[in-house]
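For reference, the structure discussed in these notes is given below.
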Amino acid sequence: MADNPAVDQKSAKANFASDQDVRWCPGCGDYAILAQMKKVLPEIGVPREKVVFISGIGCASRFPYYINSYGFHTIHGRAPAVATGVKLANPELSVWIITGDGDSLSIGGNHLLHLCRRNLNVNIILFNNQIYGLTKGQYSPTSPVGKRTKTTPYGSLDTPFNPMSLVLGAGASFVARTIDRDTKHMAATFKRAAAHKGCSFVEVYQNCIIFNDGAFQSVTDPKIKQENLLYLEDGRELVYGADNDKGIRLEGLKLEAAALNGPESRNGLLKHQETMPDEAYTYLLSKMTERPDLPTPIGVFRALERPTYDEVFMQQIDDVTQKKGKGNLKELFITGNTWKVD
Amino acid sequence: MLQTRERPKPVVLPAYCKGCGRCVSACPQHCITLGTEINPESGLIPVEIDLEKCNGCGLCFAACPEPYGLTAYDPLMDLDESYLKFPDEDSSTAPVPQEISGETLPLPPVEPLMIKGTYAAAIGALLAGCRHFFGYPITPSTEGAELMAKLLPNLNGVFVQAVSEVATVNMMYGCGGAGMPCMTFTSSPGFSLMLEGVSYMIGAEVPGVFINIMRGGPGLGNIGPEQADIKLACRGLGHGNTHAIVLTPDSPQEMLDLTMLAFELTFKYRNPVVLLGDGYLGQITGKVKLPERMIKPGIPSWGVYGDDMHRRNLICSIQLSEPDLEIHNLHLNEKYQRIIESEQRADCFHCDDADTLIIAANTPARMAKGAVQVLRDRGVKAGLFRPITLWPFPIDILAPLLPKLRQIVIVEASNGQLEDELRLALSHAEIIDVPPISHVRHFGGVLPQQQEIIDRVLETIDTEVTS
């Protein structure tokens, strides 16, 4: 599904714009995500009527109203389950799950894990703003320890979830992170997610301007972000910093930041590999955000092809049909312990 | 003189041996065989041992996974019958659990507060001795939880924002099972999610107070006020034979008073209590007087409290034996009957001489009250009957008013769920002679207006006059 230069960008983007008034707060990071999605959709080569957006509950979950495609605004946390139903009923559809940190990681944690485990061929975009915005400012499963919100007036005690580690542990085959402020990177990440065959999980750092403004300042503030961001590229060394003067090494079982000065200092730098079958490396990458001395990686963490659920599901139906012949309901009714009473 | 210590030989304790046969394959001398006789104590078939070839190697002891199934013979062992049988439960030395009674303490007089409905309920819960709150944010109930989050930590209390309503209700199941007063604030979609746990709590007879600030449904609906969970609370509390007292306040003052009452009733009957507010009632601000007394709860005798005295207590809702479960249901039915006989509550406004009776609860009752006043000014003998308990429906209070009535008008923000409760209550009470019933209904967050109630009443009277 490469870029299609024949598509007239502008009109194609407008093609996905819906007639609904967008009801997010002025300045919300969601607008940027919506704009990039409308830009990317015409480029993935799937016609509008084959696209479905499915969401749960929360600010992010208003998304399907604003895209002119098929849409489902479903139950809190259950979008992955609804998406499973949609995809299995019609495997041809390009299915996008839009969710937030509250929706997918608290009440929907269970459904999210099993979606990743099964590797259903859908895309999940998780808007992570580390707060409950729709209910006006309570802490979420990604809020940091000590966070003061309306339901944690003395600071949160909960250890937050690391969404990337979580989905990696659940076996997600495509895992990526992007940022609402970096629109080019976001568009590229969405495109990669769409192209991936299997369950694609994308975490978007999204700023909630009203209830959690500046939560991701370290990676969005132009003055400091270069020192705090590590752009992942397949086959490229883990190098970061404004002057590309820092790198990441593996010391024992730990990642360490190293200053780069001279060619020798580049020895032993880790090289990013999206297709590493062993989770250990990718898991270490996912844990970098919990280390104040390491930068935040963004980009594609992992892109590993493995059989998708919808694929093996349809395959099994074909196999059973081939082995046992096409089913006949009338015959089925009179097989086994059935008899005729005169 | 050289002495050898004879190695002990195995002995089977038949009441404990499950006959798994691991010792059979472990024995190199083939002394042990699978048994043939059912042991009456355990209902299982213990192994049999022939010690003739036994050399005391001890491999069978190591193979036995049971703590007492097959063990080394010790001459000091008392192999009389009592050792070979299960311990007699009645001989347990555990003390009989006793109730540690609570206290009622005087509350120093303070000026009335001007607070919103959810805050009033939260304060009522604190004064009723609730120090455990579990909940999940949902509009329009969240402010109550937020106040609890602020107040509980320095009152030695627990506030937990659960990951969902499903988690919430099960936290309440645990806390209530420990004998502690606990509560939640939720709203319609959240209450739907809690119903599984509510059924378990009713089955296991665990107290807990659910404050449901009802909003528009079905499904996600909206966040406006509706009374569309009356059916759910009165008729559909999860699976099985379930009922709970359902309280319906109509003002911030009653949000406080009825929350306190809810805690009293939930422990009195060992049964959850549901308080149904509506979206407006949760949000409107009003004058709230605090009571003169507050409660310091004790520990009920059945609580799993974690002290020596309560260690016999077991909380569960499972009764695998059919006759036992029937007995448990008969016990619940007897409890429901006691509630029906003694807990009916209603507020009667100008009902004594009324020939036109408006029936309404929650916020719609406020519009209905206004309508009654206007109708009275116009010479219509109107009255308002406001149920404060929807289950049990206050039919015993309503019945004496019926003979004088020319009409009943039901005013509600739902599709007739209040009317259904009335009609069921009339039917169960075998009251056949009922005046014509009409209604004013709205849905989806729209509330009935005073003028349309007046119009509905006058329309019926006009029809009567012309015919």
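Which of the three applies to the stretch B:385-442, rounded, prolate or oblate, going by the alpha-carbon gyration tensor with a ≥ b ≥ c and a/c under 1.5 meaning rounded? Oblate, because a/c is 1.5 or more while a/b does not exceed b/c. Computed over chain A, the range of Cα coordinates on each principal axis works out to 92, 51, 48 Å, biggest value leading. Buried accessible surface for the A/B pair, both sides summed and rounded to the nearest 100, is 1300 Å² with a 1.4 Å probe. For chain A, the longest principal axis of the alpha carbon atoms and the long axis of helix A:309-324 meet at an angle near 20°. For the stretch B:367-467, the solvent-accessible area with a 1.4 angstrom probe is 46 square angstrom per residue. Per residue of B:129-140, other chain Cβ atoms within 10 Å of the residue Cβ number 3 on average.
Dipole check for the protein assembly as shown: with +1 at the C-beta of Lys and Arg, -1 at the C-beta of Asp and Glu, and the Cα centre as origin, the magnitude is about 2360 Debye. For chain B, DSSP calls about 40 percent of its internal beta bridges antiparallel.
Burial of accessible area (probe 1.4 Å, heavy atoms of protein chains only) in the stretch A:83-113, relative to its chain alone, reaches at least 30 Å² for A:106, A:107.
Axis of helix B:165-177 versus longest Cα principal axis of chain B: the two differ by about 70°, to the nearest ten degrees. The label-point distance for residue B:34 and residue B:196, in a model that sets each label 7 Å from Cα toward Cβ, rounds to 3.9 nm. Please say if the protein assembly as shown is rounded, prolate or oblate, where rounded means a/c under 1.5 for a ≥ b ≥ c the square roots of the C-alpha gyration tensor eigenvalues, and otherwise the choice is prolate for a/b larger than b/c and oblate otherwise? Since a/c reaches 1.5 but b/c is at least a/b, the shape of the protein assembly as shown is classed as oblate. For residue A:323, a cut-off of 26 angstrom between C-alpha atoms picks up these lysines, skipping any fewer than 8 places away in its own chain: A:87.
Within the accessible surface of the stretch B:347-466, defined with a 1.4 Å probe on protein heavy atoms only, the carbon and sulfur portion equals 51 percent.
Out of A:202, A:51, A:95, any idea which swings most in a Gaussian network model of chain A, alpha carbons joined below 10 Å? Looking only at A:202, A:51, A:95, the biggest GNM fluctuation is shown by A:51. Diffusion coefficient of chain B by Stokes-Einstein, Kirkwood radius over Cα pairs, 4 °C, 1.567 mPa s: 50 µm²/s. Among A:23, A:192, B:131, the sequence by solvent-accessible area, most first, with a 1.4 Å probe is A:23, A:192, B:131. Cβ under 10 Å from residue B:212's Cβ, residue B:212 left aside: what net charge do those residues give with Lys, Arg +1 and Asp, Glu -1? For residues surrounding residue B:212, the net value is -1. With both residues required to sit in the protein assembly as shown, DSSP beta bridges show an antiparallel share near 40%. Among the GluC sites (Glu not before Pro) within the stretch B:5-48, which fall in a DSSP loop and have no more than 14 other Cβ atoms within 10 Å of their own Cβ? Those that pass, being in a loop and sparsely packed, are B:6, B:37, B:41. Going from the isolated chain to the complete set of protein chains, the stretch A:126-152 loses at least 10 Å² of heavy-atom accessible area (1.4 Å probe) at A:132, A:135, A:136, A:138, A:139, A:150, A:151. Let me test this: with uniform point scatterers at the alpha carbons of the stretch A:229-315, what is the Debye-based log₁₀ I(q)/I(0) at q = 0.12, 0.18, 0.23 1/Å? Result of the Debye calculation: -0.40, -0.77, -1.17. If you take every DSSP beta bridge fully contained in chain A, what fraction is antiparallel? Give it as a percent rounded to 5. The antiparallel fraction comes to roughly 40 percent. Here the Debye sum runs over all C-alpha atoms of the stretch B:1-79 as equal scatterers in vacuum, and log10 of I(q)/I(0) at q = 0.11, 0.12, 0.19, 0.23 Å⁻¹ comes out as -0.28, -0.33, -0.77, -1.08. For residue A:223, the lysines whose Cα comes closer than 18 Å to its Cα, not counting residues fewer than 8 places off in the same chain, are A:246. Farthest toward the positive end of the dipole of chain A, out of A:253, A:222, A:170, is the Cα of A:170, where the dipole comes from beta carbon charges about the Cα centre. Considering only B:393, B:442, B:416, and ranking their Cα positions along the charge dipole of the stretch B:347-466 that arises from unit charges at the beta-carbon of Lys, Arg, Asp and Glu, the one farthest toward the positive end is B:442.
Once the 1.4 Å probe is applied to the protein heavy atoms, the stretch B:109-342 comes out at 38 Å² accessible per residue.
Figure note: B:424, A:93, B:237 ranked by solvent-accessible area, largest first, 1.4 Å probe, ligands and nucleic acids not counted: B:424, A:93, B:237. Each Lys and Arg adds +1 at its Cβ and each Asp and Glu adds -1 at its Cβ; summed about the Cα centre, the stretch B:1-79 shows a dipole of about 320 debye.
Listed as lacking a disulfide-compatible partner in chain B: B:17, B:20, B:27, B:31, B:54, B:57, B:64, B:130, B:234, B:316, by the criterion of no other cysteine Cβ under 4.7 Å. Treating r as the C-beta distance of residue A:290 and residue B:287 and R0 as 45 Å, the FRET efficiency rounds to 0.35.
Dipole of the protein assembly as shown (Lys/Arg Cβ +1, Asp/Glu Cβ -1, origin at the Cα centre): which of B:221, B:325, B:276 lies farthest to the positive side? So the residue we want is B:221. Dipole check for the stretch B:101-191: with +1 at the C-beta of Lys and Arg, -1 at the C-beta of Asp and Glu, and the Cα centre as origin, the magnitude is about 60 Debye. Per residue, the accessible area of the stretch B:1-79 comes to 69 Å² when a 1.4 Å probe rolls over the protein heavy atoms. GNM remark for chain A: springs join alpha carbons under 10 Å apart, and the peak mean-square fluctuation among A:20, A:36, A:226 falls on A:20. Debye-formula intensities of the stretch B:109-342, expressed as log10 I(q)/I(0) at q = 0.09, 0.16 Å⁻¹, are -0.34, -1.10 (one equal scatterer per alpha-carbon, no solvent).
Near residue A:246, once Lys and Arg are set to +1 and Asp and Glu to -1 for all other residues with Cβ below 15 Å from its Cβ, the sum equals -2. Between the Cα long axis of helix B:188-204 and the first principal axis of chain B there is an angle of about 50°, rounded to the nearest 10.
The values are calculated or read from the model by the stated rules, or taken from the named source; none is laboratory data. Computed from a prediction, not measured in an experiment: that's the story for all the values here. Cβ atoms come from the backbone with ideal geometry, glycine included; neighbour counts cover every protein chain shown. Ligands, DNA and RNA are excluded from the accessible area calculation, which covers all protein heavy atoms including side chains. Shrake-Rupley method; radii C 1.70, N 1.55, O 1.52, S 1.80 Å.
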